[in-house]
Amino acid sequence: MKIKFKIIQLLLLLFICLSYSQTKTNKYGASLWIKGKETLKVDESKLATYFNFNSIVRFTKNAIPKNYKNLITKEATLFIVFKSIENDEVELFAIKKAGFNVAFTNKQIKSDKEVLLDKVNAKQGALVSYINCINSSLSKKKGTLSIDDLLFDEAKGNNQLMELIYIPKVLSEQEKNSIESYLSIKYGISLTTDKNYYCSSRKKIWDATLNSEYNHSVTGIGRDDLLNLNQKQSGNSKKEGLYIGINKVVFTNAENPALISNKIFMLWGDNNGTITLKQSNSSEAMKTMKKVWKVQTTSEDSASSIKTQICINTKELLLDNDNEEPIWIATDTTASEKFNYTAATYQKVSKSQNDTLYFDKMQFKNNTTSLFTLVKAPEFFVVSGVSFSNCSTTNGGKIAIKIVGGSAPYSIRLKSDLFEKSIVSNNENVAFDNLPIGNYEVVVSSGKLLNKSNVKVDFLESNSITMSTQYNLNSDNELIIAPLISTSKATYTYEWFKKDTLISTENKITLIEKGNYILVVTNDFGCKKDFPFIVFTPQNKVENKYVLSPNPVKSGAIFSIQFQFSEVMEVTIIISELNGKIIRSKNLGSIQTYEYKDSLLTSGTYLITVIQNGISQTTKLIIQ
């Protein structure tokens, strides 16, 4: 006996419980297809019988047989979407044929001869695909598929069936992928993060490789007539607060009057970023989150765009919405690797009702990809971004300005110690080129509305990030290095190399071997700079005679670094966070015996870098 199966786990949406219908045939030759029965109008009190806006299967013992006899063949493919919140293991389905038995429980899939231990998070809901090839020596008689009593007239809703498809043959991988994609889109249940999504014509509608940074909670809407899919609104079963519908989101999918052409799909996933709204690097008036969604639209229709309504459930998303300032959706269609706030378009929330924010008439062009995220900002604000031509300071910097809100004409003034310019523009996007490095004040006014902000034109080579060229391993033959960052607004990516081998992409690294290394730092503009350095063992270069104590130390308490050298040395102390941001730096000058005292108020782990005659050594300091 050869058994193959695949289990895809996911959380369930708030809408649970279904109706019943059965289809005898379809493109894939299904001999049993059980799914919910659509109703055009539904009472709001009955919305609990819906899952991702689709009705669930409502069994009645007298109307629907418990056992489907003369059904099971030697080879078959089975798809099931179900949920069970039972703590104990209970059987939900079973396949029986002449000594061959497979049980589908709320915990696992098992047979008489082996137990398949992959777990299903059935309390949250699950999509299961299963392929069986029964030993040919078994009886030629067809077997039975049985559905347990737990799914019949289940008043408490503890065990529910959304859809079941039985196909009496082994499907190809491509065919199986298409049906899994159909079920995933219909029920908001994401496939595993390495899975592509396909329509029935085998066209790829979500590329897991191209969208590798956004494969979290992939969800979608679309129409595929060969699979009877006409999903006009969806939210992911993880209940993360985002719901999107064609034109608008209503009580049920069947009730949505929108018309969508065949083979139009819109899928989205996110980068699993945090949703905390924090001060933006691009605007002093705007707060942004790290969570960003990516949308991929696919169409065989000539329609130029898909018009949607986006709904944000603030309780599910845990969004801090104090109503002091509006929430906006920022959409970036530039296909850049990072979200481009200065090139984005901004749409303010249309209305807020019952913990839900509504964004109407959000347009997404067909056969394109775009990014969107949520920001909080006042009715009038300005977003700024800095770039450099060819990563060279000799060509000067560029400040791009995006004006959101207000009305033209806009008065814009840009000023620094070395530069000043004022213009009047009717455009929301304005750029200033060939700017020298420096701190700039940007003042934008629209009538009585005024926005002031400060922008730093600071290239990577202008010492915003620094590293020593020589380091010592400590007495335990260990070294922690984080490049030192002088500006909190700068963001970088890191590549650490030993010879030509990439050994890390984190912002800090722990080394245990001496040798030659290179750190390659890339800034937001895509400009790179190499920082070569050498790591020595302590006895090779400098005596390791300083002591940090106490460590750990309580918040606000004094700690000290005691130096005792055999000769006079030039010493600098730098205290930094683990991300490299400098807390304080002090040049102690030429010392031989010295005690440095300090204290830190915020609990956490810090790096103490001691530079002795140009050679650095780092030690962790823990503040409790």
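The values are calculated or read from the model by the stated rules, or taken from the named source; none is laboratory data. Computed from a predicted structure; not experimentally measured. Note that we place each Cβ from the backbone using ideal geometry, even for glycine, and neighbour counts take in every protein chain shown. Protein only, heavy atoms only, side chains kept; ligands, DNA and RNA dropped before computing areas. Shrake-Rupley method; radii C 1.70, N 1.55, O 1.52, S 1.80 Å.
Is it true that some residue in the range 179-186 is among the charged types (D, E, K, R), open to solvent by 10 Å² or more (accessible area, probe 1.4 Å) and not in a loop (DSSP other than H, G, I, E, B)?
yes
Does Leu227 satisfy the criteria of being buried (at least 19 other Cβ atoms within 10 Å of the Cβ) and out of contact with any strand residue (DSSP E or B) (no Cβ under 9 Å at 6 or more places or on another chain)?
Judged against the criteria, Leu227 is a match.
Looking only at the range 550-597, count how many residues are farther than 28 Å from Ser464 by Cβ, part of a strand (DSSP E or B) and among the β-branched types (Val, Ile, Thr).
Qualifying residue count, the range 550-597: 4.
If we scan the range 207-214, do we find a residue that is within 30 Å of Thr39 (Cβ to Cβ), in a loop (DSSP other than H, G, I, E, B) and touching a residue at least 24 places away in the same chain (Cβ under 8 Å)?
no
Being in a strand (DSSP E or B), at pLDDT 90 or above and either touching a strand residue (DSSP E or B) at 6+ places or on another chain (Cβ under 7 Å) or basic (Lys, Arg) (or both) is the filter here, so list the residues in the range 426-449 that pass it.
Asn429, Val430, Ala431, Phe432, Tyr440, Glu441, Val442, Val443, Val444, Ser445, Ser446
Considering only residues that are in contact (Cβ under 8 Å) with a residue 24 or more places away in the chain and among the charged types (D, E, K, R), look in the range 566-624 and name the one that is nearest to Ser475 (Cα to Cα).
Here the residue is Lys620.
What are the pairs, 6+ residues apart or on separate chains, where a residue within the range 168-183 that is more than 10 Å from Thr77 (Cα to Cα) has its Cβ under 6 Å from a residue that is in a helix (DSSP H, G or I) and not aromatic (Phe, Trp, Tyr)?
Close Cβ pairs (under 6 Å, with a partner that is in a helix (DSSP H, G or I) and not aromatic (Phe, Trp, Tyr)) amount to Tyr182/Leu227.
Condition first: open to solvent by less than 40 Å² (accessible area, probe 1.4 Å) and over 30 Å from Lys398 (Cα atoms). Can you find one or more residues in the range 278-286 that meet it?
Within the range 278-286 (the criterion being open to solvent by less than 40 Å² (accessible area, probe 1.4 Å) and over 30 Å from Lys398 (Cα atoms)), the answer is no, since none of the residues qualifies.
Could you list all residues from the range 494-523 that are touching a residue at least 40 places away in the same chain (Cβ under 8 Å), in contact with a Phe, Trp or Tyr (Cβ under 8 Å, 6 or more places away or on another chain) and open to solvent by 20 Å² or more (accessible area, probe 1.4 Å)?
Within the range 494-523, Asn507, Lys514 meet the criteria.
Could you check the range 309-324 and list, in sequence order, the residues that are in a loop (DSSP other than H, G, I, E, B) and buried (at least 17 other Cβ atoms within 10 Å of the Cβ)?
Leu319, Asn321, listed by residue number.
Restricted to the range 64-88, and to residues that are closer than 12 Å to Asp148 by Cβ and modelled with pLDDT under 85, which residue is surrounded by the most Cβ atoms within 10 Å (Cβ to Cβ)? Even if it seems obvious, please write down each step before you answer.
Let us first name the residues in the range 64-88 that are closer than 12 Å to Asp148 by Cβ, namely 66-67, 82, 84, 86.
In the following step, the residues that additionally are modelled with pLDDT under 85 were identified as 66-67, 84, 86.
Working: Lys66: 13, Asn67: 12, Ser84: 24, Glu86: 15.
By that ranking, first place goes to Ser84.
Results for (1) open to solvent by 60 Å² or more (accessible area, probe 1.4 Å); (2) under 17 Å from Thr602 (Cα atoms); (3) at pLDDT 90 or above, shown as yes or no for each residue.
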| residue | (1), (2), (3) |
| --- | --- |
| Pro538 | no, no, no |
| Val547 | yes, no, no |
| Gly580 | no, yes, no |
| Lys586 | yes, no, no |
| Ser590 | yes, no, no |
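It is to be established whether one or more residues within the range 451-459 are under 35 Å from the mean Cα position of the chain (by Cα), within 25 Å of Met289 (Cα to Cα), modelled with pLDDT of 80 or more and of a type in the set (Ser, Thr, Tyr).
Within the range 451-459 (the criterion being under 35 Å from the mean Cα position of the chain (by Cα), within 25 Å of Met289 (Cα to Cα), modelled with pLDDT of 80 or more and of a type in the set (Ser, Thr, Tyr)), the answer is yes, since at least one residue qualifies.
Those residues that are touching a residue at least 40 places away in the same chain (Cβ under 8 Å), part of a loop (DSSP other than H, G, I, E, B) and either surrounded by fewer than 15 Cβ atoms within 10 Å (Cβ to Cβ) or among the charged types (D, E, K, R) (or both), I need them from the range 248-271; list them, please.
Lys248, Glu255, Ser261, Lys263
Take the residues in the range 233-247 that are on the phi > 0 side of the Ramachandran plot and within 15 Å of the chain's Cα centre (by Cα), then tell me which one is most open to solvent (accessible area, probe 1.4 Å).
Ranking the candidates gives Lys239 first.
Taking the conditions exactly as written (open to solvent by 30 Å² or more (accessible area, probe 1.4 Å), over 21 Å from Lys291 (Cβ atoms) and part of a helix (DSSP H, G or I)), does Glu175 satisfy them or not?
yes
Looking at (1) part of a loop (DSSP other than H, G, I, E, B); (2) within 17 Å of Thr373 (Cα to Cα), can you tell me which one Glu284 breaks?
Of the numbered conditions (1) part of a loop (DSSP other than H, G, I, E, B); (2) within 17 Å of Thr373 (Cα to Cα), the odd one out for Glu284 is (2).
Quick one: would you say Ile412 is closer than 22 Å to Ala285 by Cβ, outside any loop (DSSP other than H, G, I, E, B) and modelled with pLDDT of 95 or more?
It is true that Ile412 is closer than 22 Å to Ala285 by Cβ, outside any loop (DSSP other than H, G, I, E, B) and modelled with pLDDT of 95 or more.
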